[in-house]
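The structure under discussion appears below in the form of structure tokens.
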Amino acid sequence: MAWRTAATTAATQLILALAANDAAQIATLMLDDVDLGDRRLTWRNLGQH
């Protein structure tokens, strides 16, 4: 994995892994998940934020 060679410490690797996970969740958002009127996002199985 290329990100492991860029991350030299365990803490940096953890931060990159968490950021990649969040990016993957954001990438899977559907247009139906966005409610612009109420300014809310609905994550699947997580409720409203």
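The values are calculated or read from the model by the stated rules, or taken from the named source; none is laboratory data. Only a predicted model underlies this, so the values are computations on that prediction, with no experimental measurement involved. Here the Cβ positions follow ideal geometry from the backbone for every residue, glycine too, while neighbour counts run over all protein chains shown.
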### Query
Just to be sure, is residue 29 touching a strand residue (DSSP E or B) at 6+ places or on another chain (Cβ under 8 Å) and modelled with pLDDT of 65 or more?
yes
### Query
Of everything in region 32-49 that's among the acidic types (Asp, Glu) and surrounded by 11 or more Cβ atoms within 10 Å (Cβ to Cβ), which residue is modelled with the highest pLDDT?
35
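Scan region 9-19 and give yes if some residue there is among the hydrophobic types (A, V, I, L, M, F, W, C), surrounded by fewer than 10 Cβ atoms within 10 Å (Cβ to Cβ) and modelled with pLDDT of 65 or more, otherwise no.
Within region 9-19, one or more residues are among the hydrophobic types (A, V, I, L, M, F, W, C), surrounded by fewer than 10 Cβ atoms within 10 Å (Cβ to Cβ) and modelled with pLDDT of 65 or more.
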